[in-house]
1. Restricting the search to region 14-50, which residues are in a helix (DSSP H, G or I), at pLDDT 85 or above and loosely packed, with under 12 Cβ neighbours inside 10 Å?
2. If you check every pair at least six apart or on different chains, which have Cβ atoms under 6 Å apart with a residue in region 58-70 that is more than 13 Å from residue 24 (Cβ to Cβ) first and a residue that is at pLDDT 90 or above and in a helix (DSSP H, G or I) second?
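The values are calculated or read from the model by the stated rules, or taken from the named source; none is laboratory data. Keep in mind that this is a model prediction, so the values were computed, not measured. Positions of Cβ are backbone-derived with ideal geometry, glycine not excepted, and every protein chain shown enters the neighbour counts.
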């Protein structure tokens, strides 16, 4: 199993859990320049790629579910 680079502890914990349970996981990180540094910065919104990121995740999830059904 390849863990890649885990940019944060939640992703690292997810991969550790998957390894312990012998399960495959897919983890996405929407990385931005700053997070929660200024008022209202936490929610990135559609203009900063949130909708695009969710579309990618939905597409990958649909593909993974099709593969799992075979």
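1. 17, 20, 21
2. none
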